[in-house]
Amino acid sequence: MNMKYPGAVLFDMDGVIFDSEPIHERIFIEYAAELGFVCPPEEYRHLIGTSSVTQWRLMKEKHHLPDAPQALSDEKMAHYKTFLAASSGLRPISGIPTLLNDLTMHDIPFALASSNTTDVIEATLKAIGLHTVITTIVGGNDVPQAKPAPDIFLLAAKKLKVPPKDCLVIEDSTNGILAARRAGMRSLGFNNPNSPGQQLHTADFECSSLEGLTVNELCHIFTHPPK
């Protein structure tokens, strides 16, 4: 069987490039407390993979918050960016720098496609030292609909000039895998223990670690028929 290389690889950010979900969860819950309501960790985890504005729209509806979802999201993300700026020694998820280097060596383009806004993506990449490595990004503010709609992945493919059917998405969330399928792309579901409660069984393949992941293993996904 001939090995087929992916035309491009699209990475989610939170929980794939950077283990930021525990940080987002803590800041979200603390900000909720400031606003006068309790958000249990289990409730927050159901929101993983959706845009911050969507998360706060749901919280506004449930808890009758007076402020607009965009304003609530902006304030929460301001707390997150303050955390990044004040932190040192933040690193990408293990295996990511090696995989990015391997993709570069094989001339396979890649992009970051996240429901976060582009300013948050840029701040995160700078904090973990990948801002000069990952130069093609698509954020939730670049498209009409965030995940689980396919818009983010479709725009990333368009930016890289690669047909959607030739793209591989690496995701750790239910909504991200659903968005990849809706975009007509292959997917690799990363079972990140810090992103619990996600349903990744509809991904073409699953893995429990990104460490040691190589282009050859990504070819294995493309060589076999999709689910």
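The values are calculated or read from the model by the stated rules, or taken from the named source; none is laboratory data. Just so you know, these numbers come straight off a predicted model, no measurement behind them. Here Cβ is always computed from backbone atoms with ideal geometry, including for glycine, and neighbour counts include all displayed protein chains.
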Quiz prompt | Which numbered condition TRP56 misses (of (1) in a helix (DSSP H, G or I); (2) of a type in the set (Phe, Trp, Tyr); (3) surrounded by fewer than 16 Cβ atoms within 10 Å (Cβ to Cβ)) | solution = (3)
Self-check item: Single condition ALA157 does not satisfy, out of (1) within 16 Å of SER20 (Cβ to Cβ); (2) among the hydrophobic types (A, V, I, L, M, F, W, C); (3) in contact with a helix residue (DSSP H, G or I) (Cβ under 7 Å, 6 or more places away or on another chain)
Solution: (1)
Quiz item: When residues of region 70-112 are filtered for being loosely packed, with under 14 Cβ neighbours inside 10 Å and under 20 Å from THR54 (Cα atoms), how many remain?
Solution: 2
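Would you be able to say whether some residue in region 194-210 is charged (D, E, K, R) and part of a loop (DSSP other than H, G, I, E, B)?
Initial filter on region 194-210 (charged (D, E, K, R)): 204, 206.
Going one step further and asking which of them are part of a loop (DSSP other than H, G, I, E, B), we end up with 204.
Looking through region 194-210, at least one residue is charged (D, E, K, R) and part of a loop (DSSP other than H, G, I, E, B).
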Exercise. Kindly list, by first and then second residue, each pair from a residue in region 27-47 that is farther than 18 Å from GLU75 by Cα and outside the structural domain of ASN175 (by TED's automatic domain parsing) to a residue that is charged (D, E, K, R) and modelled with pLDDT of 95 or more, limited to pairs with Cβ atoms under 8 Å and residues at least 6 apart or on different chains.
Key: none
Self-check item: Subset of region 132-158 [within 19 Å of TYR80 (Cβ to Cβ), in contact with a Ser or Thr (Cβ under 9 Å, 6 or more places away or on another chain) and either in a loop (DSSP other than H, G, I, E, B) or at pLDDT below 95 (or both)]
Solution: GLY139, GLY140, ASN141, ALA146, LYS147
